[in-house]
Amino acid sequence: MPPSVIAHRGASAHRAEHTLAAYALALDQGADGLECDVRLSRDGHLVCVHDRRVDRTASGRGVVSALTLDQLAALDFGHWHDEMPSSPDDLVRVPSALPSAEPHARGLLTLDALLGLLADTRPDVRLFVETKHPVRYGGLVEAKLVAALARHGLSRPRSKDDSRVVMMSFSSRAVRRMREHAPRVPTVLLLDRFPPGRRDGTLPPWADHTGPGVHLLREDPGYVARSRERGHDTYCWTVDEPRDVELCARLGVRYLATNAPASTRGLLAADLPL
Ligand code: G3P
Ligand code: CA
């Protein structure tokens, strides 16, 4: 089975990351899942922002955890990455090929709004939520995440397979907290290096899946099979290059996070020389 295509920060190669426009385009492009990062605002709201500061992606400056929801909502998160459609035909054929000019599509994205989008889309689409650490509010992030999932009826799925949400973090402690708060929400332990003693595919008991960066699979392709032998699927990030897409497909990666869902899906559909 080919990997599921997960839109990393939305279709972020073509729309400003973590905007509603980026996620709408990802869904138009047939993504199987959506990835987002979450942080807490100063007044305790989960917002979808990757960096500790807003400076790179918004029309302002400051640390996310030091800004209130109202202050964050006053910023433009779309101005830095407007892209014109690839052809004039797209303006007619694909409404969301329009630049993300609509204010609602380029403003701050809250996790609540993204969960609302998830509720309105195909029921097989999954949302992969990454909690960022270390942060000022520590474990409150996972507690707030579970509360947000509960508000949307997503915190207690019948089984892990039924869950529409997957929780991820580079912080093993955060993944453990999530398991304690919401035992049936699946988890991914993200890896940017192999932790000592974990090259054999073992994971701590609170992690369901392993989440290596693609650089780790280039270095050690056998890791996917060893993880599978231990009962763990692989979620690999961030996979945009054709040779990496081919590598992941060949190794049996289960979830592939990409900034460009349409072209990655095209590469997977093509008859790749596996
Ligand atoms: O999907 C996991 C990946 O997003 C982790 O890295 O820095 O893009 O959040 P980063
Ligand atoms: Ca992320």
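The values are calculated or read from the model by the stated rules, or taken from the named source; none is laboratory data. The shown structure was predicted, so the numbers you read here are calculated from the model rather than taken from an experiment. Here Cβ is always computed from backbone atoms with ideal geometry, including for glycine, and neighbour counts include all displayed protein chains.
A few remarks follow.
- Test: residue in the range 174-181 that is buried (at least 19 other Cβ atoms within 10 Å of the Cβ) and either modelled with pLDDT under 95 or in contact with a Lys or Arg (Cβ under 7 Å, 6 or more places away or on another chain) (or both): no
- Some residue of the range 219-233 being within 16 Å of ligand 1 (Cβ to nearest atom), touching an Asp or Glu at 6+ places or on another chain (Cβ under 6 Å) and not small (Gly, Ala, Ser): no
- Breaking point among (1) surrounded by 20 or more Cβ atoms within 10 Å (Cβ to Cβ); (2) within 15 Å of ligand 1 (Cβ to nearest atom), for Phe170: (1)
- Pair list, Cβ < 9 Å and 6+ apart or interchain, from the range 26-50 residues that are touching a residue at least 60 places away in the same chain (Cβ under 8 Å) to residues that are in a strand (DSSP E or B) and of a type in the set (Lys, Arg): Asp32/Arg126; Gly33/Arg126; Leu34/Arg126; Leu46/Arg39; Val47/Arg39; Cys48/Arg39; His50/Arg39
- Against the numbered list (1) charged (D, E, K, R); (2) more than 16 Å from ligand 1 (Cβ to nearest atom); (3) farther than 21 Å from Arg265 by Cα, Asp192 comes up short only at (2).
- When each of Asp55, Asp37, Asp51 is tested for being in a loop (DSSP other than H, G, I, E, B), surrounded by fewer than 23 Cβ atoms within 10 Å (Cβ to Cβ) and within 16 Å of ligand 2 (Cβ to nearest atom), the lone residue that passes is Asp51.
- Matching residues in the range 4-50 - criterion: being in contact with an Asp or Glu (Cβ under 8 Å, 6 or more places away or on another chain) and of a type in the set (Lys, Arg): Arg9, Arg15
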